[in-house]
Amino acid sequence: MRIETIITDAVTRFLTEKGIDKPDGSLIQIQKTRKEFRGDLTLVVFPLIRLMKKSPQEAGEELGKYLMDLHVIGDFNVVKGFLNLIVESSYWTRFVAQYAGDDDYGIIRPGADRETVLVEFSSPNTNKPLHLGHIRNNLLGYSISLILQANGKDVKKVNLVNDRGIHICKTMLAWQKWGENKTPSDAGLKGDHFVGDMYVRFETAYRAEVNKLVSDGMSEDEARVEAPLIKEAREMLRMWEADDPATVELWKMMNGWVYEGFDVTYKRLGVSFDNIYYESETYHKGKSIVLDGLNKSVLKRREDGSVWADLRERGLDEKLLLRSDGTSVYITQDLGTAVLRQKDYKADRMYYVVGNEQDYHFKVLSLILDELGYEWAGSLEHISYGMVELPTGRMKSREGKVVDADNLIDEMIETAGKLSRELGKLDGLSPSEKEDIVRIIGMGALKYFILKVDPKKNMVFNPEESIDFNGNTGPFIQYTHARICSLLKKAGDQVIKLGDADLSGVILSEKETRVAALIHEFPAIVAEAGKSCSPALIANMIYDLAREYNQFYHDHPVLKEENKAVRDFRLLLSSLTRRVIMRGMGLLGIEVPEKM
RNA sequence: GGUUCCGUAGCUCAGUUGGAUAGAGCAACAGCCUUCUAAGCUGUGGGUCCCAGGUUCGAAUCCUGGCGGAAUCACCA
């Protein structure tokens, strides 16, 4: 049984024996003892003094004496209203021995009664390559999927590709005009970059047209609508929606190029999906749902033909669902996608990993689904994450102020390689081993940097300074892992068989206790990370563990320890630390090398 | 203007239902490799937790009001 439970039970028992018949669980607060005091766990006695009718000091002493009867509590002290408890070494040694060889430590395998949950993430537009903002989205979505899985859920990862609309037509038109019939391989570019360049070509030319019209005396708003290029693009969208064969053919070809490019980036990022939905296939469904709502009089059609949902009674505004010309808007297809998915998976919960700029959109989405009578409307959950900003401010695609995903990945790996060579860390390894390790380190640095931040918060990314390989970073944790691997390998035959170790009599040092206590928390952290959909909780805990372990490693000999029981314990502790680091980093989608 | 989110060290970030003297890393400075990987470890300096009230035995955390920032409120996505 976990020690927190043992203590809570004992305190409850104590109170009951005292005739206090209502020991509310929330009054029993156990936390880690702060560093400056002696002890492992601390019981806060303030909430109990009213029940016990004693001073904090007296109440603490009395409880401390009572808890001493538990075989797991070795000593205690009371400071003001805090009862600090010293846990017996035997509790920790038993705990470490029990889990040192357990691959499933900290995770829950899905059972028969498992919930099915759906996680949507990535959701790219097919008119430009992925950038830093997409990286945060992909890493968060993938990690959250893994974390939910570790909490026993049956997780389906889905992508929703925004593959249609005016922005796609812009790239098609630009290619027709200036693409010279070239393919990405002709141009020597990844498909998504090639198409992205077409988009930029369009926007540049369009901008020039608008400027010209404005200087000729037209208003800015009018010019945006009247520019010949945008008219052509709109005509192309109309052709596309009318299933014009040539237009559809062009659309298929160019989207194909983009997908090839995306696949490469996804693979490098290490993310994958169980299913991919395409907006071009779901927006029809969205339209029919809206028309259905119209028939049921849940929605209203205005005189100009546009269709609206009226959410004013529910604290929001009116929302457009179909344009006056009958074409669909963004939320229309999201309605369709949601309904299709629910039909496909009958998920207990549908998570959407989407930036916080769309908070309002998702409020509206689930309200409309509710209005339309879908009883699962409440199971939608928007995992809203903050923007990634540059030191100069927000990233702006139109101003070219973006950090390209592929470039960034290249740079990370390059830096990792350079550093490895300088430190001579990989001397003597084969080229393919080197390449593998360098990739793992570079990606580890990038992923950890992004995932260690609370998803809800905006974060600042400084291309020059942000990515580091020392301190609170992925490589620091990976290094700790590699060190332990090396240690365990050296231990070789010395490694005791599980269960053979006689650890009785081993007294833990302060550092050893801290390492063990952190590992002890891991399952609770995984659970909390699942509840709050926050990989950052795991990242920070694993960092703490690596830091504490490095201190332990610095201060204590392991293989050179002469006392066999102590040496065995330290090996087991190291082995378990390695396992938790690997598992924890695994939940972030980060690999850990055995050497570095 | 309405709504939502945010404000912690020079910088990037932790701080789990309210708990002790608010913590890490980076940057700066000073140390530690003939000993299990120095991508490590140790030390020093650095704070009006945006401000003001309130609730409480106790507030960075909860409430109210300011100030500052971001997002959103499109027949864009």
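The values are calculated or read from the model by the stated rules, or taken from the named source; none is laboratory data. On a predicted model such as this, the values are computed, not experimentally measured, just so you know. Here the Cβ is made from the backbone with ideal geometry for all residues, glycine too, and neighbour counts use every protein chain on show. The protein model used for the area step is the full one, side chains on, heavy atoms only, and it has no ligands, DNA or RNA in it. Shrake-Rupley method; radii C 1.70, N 1.55, O 1.52, S 1.80 Å.
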Solvent exposure ordering (accessible area, 1.4 Å, most first) of A:ARG13, A:ARG547, A:ARG421, A:ARG567: A:ARG421, A:ARG13, A:ARG547, A:ARG567
Three-way shape label, the range A:172-314, alpha-carbon gyration tensor, a/c 1.5: oblate
Accessible surface of the range A:157-204, 1.4 Å probe, proportion on carbon and sulfur as whole %: 48 percent
Distant-in-sequence amide H partners of A:GLY74 (H built 1.01 Å from N, under 5 Å): A:ILE86, A:VAL87, A:GLU88
For chain A, size of Cβ-based charge dipole, Lys and Arg +1, Asp and Glu -1, in debye: 900 debye
Peptide ranges A:224-232, A:581-589 listed from the most packed, as the mean C-beta count within 10 angstrom indicates: A:581-589, A:224-232
Long-range amide H partners of A:GLY81 with built H, under 5 Å: none
Counted charge near A:GLY293, where neighbours are those whose Cβ lies closer than 10 Å (Asp, Glu -1; Lys, Arg +1): 0
The range A:264-371: mean projected area of Cα convex hull, nm²: 8.5 nm²
Alpha-carbon spread of the range A:168-211, three principal axes, descending order, Å: 34, 16, 16
Dipole magnitude of the range A:283-386, debye to nearest 20 (Cβ charges: Lys/Arg +1, Asp/Glu -1, about Cα centre): 280 debye
Rg and Dmax of chain A, Cα atoms only, in Å: 29.5, 91
Base-10 log of normalised Debye intensity for the range A:1-147 (one unit scatterer per alpha-carbon) at q = 0.19 Å⁻¹: -1.06
Protection-proxy order for peptides A:521-534, A:245-258, each taking the mean of Cβ atoms within 10 Å per residue, highest first: A:521-534, A:245-258
Average projected area [Cα convex hull, the range A:72-193], square nanometres: 15.8 nm²
Antiparallel content of DSSP bridges confined to chain A, in %, to 5: 50 percent
Compactness relative to 2.2 N^0.38 Å, alpha carbon Rg of the range A:5-90: 0.99
A:TYR91 accessible area, assembled protein chains, probe 1.4 Å, Å²: 20 Å²
Cross-link partners of A:LYS32 among lysines (Cα-Cα below 21 Å; sequence separation of 8 or more within a chain): A:LYS65, A:LYS80, A:LYS511
Distant-in-sequence amide H partners of A:ILE383 (H built 1.01 Å from N, under 5 Å): A:TYR352, A:VAL353, A:VAL354
Kirkwood hydrodynamic radius of the range A:405-587, Cα pairs, Å: 17.9 Å
11 Å beta-carbon shell around A:ILE135, net charge (K/R +1, D/E -1): +1
Simple Cβ-charge dipole of the range A:3-87, Lys/Arg +1 and Asp/Glu -1, about Cα centre, in debye nearest 20: 300 debye
Antiparallel bridges, percent of DSSP beta bridges restricted to the range A:121-399 (to nearest 5): 45 percent
Equivalent ellipsoid semi-axes, the range A:451-538, via Cα gyration tensor eigenvalues times 5, rooted, Å: 33, 20, 12
Cross-link partners of A:LYS35 among aspartates and glutamates (Cα-Cα below 12 Å; sequence separation of 8 or more within a chain): A:GLU510
Subset of A:LYS457/A:LYS531; A:LYS156/A:LYS452; A:LYS425/A:LYS490; A:LYS267/A:LYS401; A:LYS452/A:LYS531 violating a 20 Å alpha-carbon distance limit: A:LYS156/A:LYS452; A:LYS267/A:LYS401
Per residue accessible area of chain A, 1.4 Å probe, in Å²: 47 Å²
Mean ellipticity per residue at 222 nm, deg cm²/dmol - from DSSP H runs of n ≥ 4 across chain A, formula -39500 (n - 2.57): -18000 deg cm²/dmol
For the range A:121-399, alpha-carbon Rg relative to the globular expectation (2.2 N^0.38 Å, N residues): 1.07
Cα long-axis angle, helix A:166-178 against chain A (0 to 90 degrees, to the nearest 10): 60 degrees
